[in-house]
Amino acid sequence: MINVRSKITSILAVWCFLMIFPKTGFPVNEASLDARVDKLLEQMTLEEKASLTSGRDAWSTQPIARLDLPYIWVADGPHGLRRAPSTDTWGYGDQAPATCFPTASALAASWDVELLYRTGQALGEEAQALGVNVLLGPGVNIKRSPLGGRNFEYFSEDPFLAGELAAAYIQGVQSQGVGTSLKHFAANNQETERMVMNSRVDDRTLNEIYLTPFEIAVRKAQPWTVMACYNRVQGTYGSQSFELLTGKLKQEWGFEGIVVSDWDAVIDRVEGIKAGMHLEMPGKPGHLTNQEIVDAVRNGELEQDRLDQLVREILKIVLRANDSAKSDADQKLEEHHKLARRIASEAIVLLKNDSGLLPLGKDKYRSIAVIGEFAVNPRYQGNGSSEVKPPRVDTFLDILETEYGEGKNIQYARGYRLDDDADLSLIPEATRAAQEADVALVLAGLPQQYESEGIDRLHIDLPPSHNRLISELAAVQKDLVVVLTNGSAVAMPWKQDVPAIVEAWLGGQAGAGAAVDVIFGSVNPSGKLAETFPARLQDTPAYLNFPGEQGESIYGERFYVGYRWFEARDIAPLFPFGHGLSYTTFDYESMRVSSQQIMDTEELVVTATIANTGEVSGKEVVQLYVSDPVSSLQRPLKELKGFTKVSLAPGERKDVRFTLNDRAFSFFDPGRSRWVAESGDFEIAIGASSADIRLTETIRLQSKQQLNYECDEFTFFRVLWEDDQTRPLLIELMPDWIGGHAAEGAPPEDAQIQDFLLDQPLLKFPYFTGGEVTRPQIDALIEKCNTMTYSP
Ligand code: BGC
């Protein structure tokens with residue numbers, strides 16, 4: 001009886017949870033929300049409606065006192081809050097203290113969706129405490145080139161990874177009744193001329209690489225807002241693209257929120273509204289152009305209904321935000337500092353660890369040289385609109401001395417100056433310190449001026465003083481650990497000369513502690529690269545096209561971005577996508593698939609057994625890639641379609657599961673403008689990195705999709721001749737000519753047509769057959785063909 005009752009209670013609890021916690025993540029009574037919106041809309045004048053489509057000031061929407069309509073407060077984002085003292089001030093330097101978490105490139109290296117959710121949750125809590133209703137993040141733009149100045153603010157070069165992580169982050173923030181702004185939509189992959197640059201990207205690449213992370217995040221997490229980019233995409237400004245803002249976002253992916261412009265991105269207000277751009281930010285220029293919207297409705301250029309539709313959606317978000325605001329929220333700065341350290345430690349990637357130099361262990365070395373100004377003057381976040389003002393910042397030297405320094409002789413040498421990257425005068429003192437110590441830790445990386453919003457990098461090198469310092473230290477100290485601080489990939493000309501390299505990213509206010517924890521083994525590193533580290537800039541996919549010229553950035557590398565490029569070109573990177581070491585070892589014991597043969601309408605469940613075969617507990621990021629060896633269109637050698645992070649005690653083994661649907665096997669067919677899954681064999685590969693595949697299985701996919709033949713006068717004869725469905729059509733419509741190519745007595749199906757003719761488009765047939773095949777016959781063939789369907 002008790003069991004039945006508790007079962008009913010739990011079913012009821014789940015039901016209630018689903019009813020009151022919609023996808024948007026917070027309890028809001030949708031029916032009453034709709035009714036309130038309807039009522040407001042009825043009462044609003046045209047001028048008031050127009051005024052609602054632009055902000056009030058730097059960070060808030062337009063309130064309407066007459067109708068008791070409040071404003072909402074939006075603030076950057078993404079890895080902490082940059083909340084200005086008031087909505088009409090900019091908040092650079094005078095922003096409210098808030099926890100600075102690791103930036104997106106670090107978060108992504110954790111490959112941990114639960115951790116991203118937890119990060120989002122903490123950000124939501126801080127937003128509530130600071131009165132912020134919408135946090136302007138996360139950024140899911142793809143790292144097309146390591147030169148991208150804002151790569152530190154983005155997750156990955158891989159669309160699946162970026163999308164999944166973004167969805168978890170959004171769910172976390174929104175679970176607190178705070179909205180997010182998924183940015184910058186779309187193909188915003190560089191800073192150079194970002195206000196106008198035209199991203200010339202073909203449809204297939206746009207969909208497979210650049211839109212997919214947005215699609216995943218929208219479908220899974222319904223961010224309250226999406227931020228339209230500055231740049232043009234295929235010739236149209238992101239803030240004016242009907243195809244993107246309405247076609248993709250609303251119609252295809254079912255986006256329920258509103259589109260906010262990037263700050264000052266709007267060019268033409270009326271075009272924006274027509275395209276589906278709800279809110280121009282910030283307020284200032286909008287005040288001047290609200291009248292344009294009023295005029296456009298009055299003179300019939302803009303339909304009243306279109307404006308109403310957008311205003312309705314804005315009202316919904318404003319009311320939802322207001323209903324969800326908490327007046328007594330605690331910012332939990334102490335708790336979040338600890339959390340920030342844990343998150344940073346999950347993100348650290350142990351790139352190299354020859355002869356098990358790391359972890360140092362508490363008692364392994366008595367004297368330690370700590371070298372590099374970063375040890376006392378850390379760089380922990382990127383430059384630009386995302387800059388958080390943390391209440392405190394840990395330093396490497398301090399944490400080392402206070403938490404791990406007992407009984408140790410720790411010597412610090414500055415090694416280089418962050419304000420002068422060519423000054424080599426501090427190197428001799430540093431090499432002396434390294435030589436005298438049992439082990440040397442050198443902190444190197446990118447100073448602030450090397451990576452910033454608004455400017456792309458010109459190279460991927462560390463400052464000359466850092467490179468020289470590392471090389472000279474390596475010459476005098478064999479036990480040398482390089483600890484890197486950077487938001488994006490860097491070259492490491494000294495890689496072969498040093499035994500250990502720790503990638504600590506821009507680790508946020510508590511990142512220094514995380515790095516020390518990993519170095520001493522209190523935390524077993526488990527991060528893996530979410531971006532390929534190239535050996536040379538010249539090896540990278542967009543090398544010849546980045547950042548473009550004459551206002552055009554041509555995405556000539558197409559979908560061969562990141563590891564897709566390095567694998568297709570067989571170029572060895574410095575460190576591959578997905579790479580990261582641990583202090584333990586993992587055995588990928590076996591894998592199973594739910595079926596060797598599936599329909600595209602079915603899911604495939606893939607299970608792998610992973611064991612910890614080492615001496616310490618650890619976490620492993622298990623990656624699943626799919627390859628389509630035979631396809632009608634070119635495809636990357638393999639693509640990430642699943643990942644999970646599993647925690648294992650020594651000797652423990654666990655099963656990890658991945659569920660794949662048709663999308664995991666599909667490509668975007670630009671001719672048909674749809675995703676296509678073709679029948680055939682696919683290889684499922686499970687590994688520890690893109691370059692370290694441990695288990696594979698082949699499955700056969702049977703596609704039930706029905707595609708129309710898309711035949712026209714440019715269709716090649718061979719395509720129709722080699723297809724079992726269309727071959728009879730050819731024979732039916734041009735019997736004499738085809739019959740003439742068959743041996744005497746043989747049926748026309750066996751006609752031997754020379755390659756020269758097979759490889760001609762239909763329109764050439766009246767010429768090559770001397771009129772035997774006529775244009776009307778060709779037209780009839782095309783017409784008939786286009787009424788037929790086939791399974792790819
Ligand atoms: C950035 C956005 C940011 C906005 C507000 C823009 O320049 O591109 O990412 O959210 O400013 O600061």
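Here, each number is a calculation from the coordinates, and none is a lab measurement. A quick note: this is a predicted structure, and the numbers were derived from the prediction, not measured. Every residue, glycine among them, receives a Cβ derived from its backbone with ideal geometry; neighbour counts consider all protein chains shown.
Data for the structure
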quantity: Added length on full extension, which subtracts the Cα-Cα distance from 0.36 nm per residue, Ile267 to Ser32; calculated: 81.0 nm
quantity: Within straight-line cross-link reach of Lys332, lysines at Cα separation under 23 Å, skipping those fewer than 8 residues along the same chain; calculated: Lys389
quantity: Cross-link partners of Lys284 among aspartates and glutamates (Cα-Cα below 17 Å; sequence separation of 8 or more within a chain); calculated: Glu47, Glu48, Asp57, Asp88, Asp262, Asp264, Asp268, Glu292
quantity: For region 673-792, alpha-carbon Rg relative to the globular expectation (2.2 N^0.38 Å, N residues); calculated: 1.43
quantity: Long-range amide H partners of Val259 with built H, under 5 Å; calculated: Val226, His278, Leu279
quantity: Exceeding the 30 Å Cα-Cα cut-off - candidates Lys248/Lys641; Lys183/Lys638; Lys352/Lys641; calculated: none
quantity: Taking Leu418, Leu604 and counting other C-beta atoms within 10 Å, the order from fewest to most; calculated: Leu418, Leu604
quantity: Amide H contacts under 5 Å for Leu360, placed H, 5+ residues apart; calculated: Phe520, Gly521
quantity: Centre separation in Å (Cα based) which lies between region 493-523 and region 32-107; calculated: 38
quantity: Packing-based exposure ordering (other Cβ within 10 Å, fewest first) of Val773, Val605; calculated: Val605, Val773
quantity: Members of Lys364/Lys495; Lys143/Lys364; Lys250/Lys654 lying beyond 32 Å, as alpha-carbon distances in this model show; calculated: Lys143/Lys364; Lys250/Lys654
quantity: Order of His466, His278 under a 10 Å beta carbon neighbour criterion, fewest first; calculated: His278, His466
quantity: Helix-only [θ]222 nm of the chain, DSSP H runs n ≥ 4, -39500 (n - 2.57) each, per residue, nearest 500; calculated: -9000 deg cm²/dmol
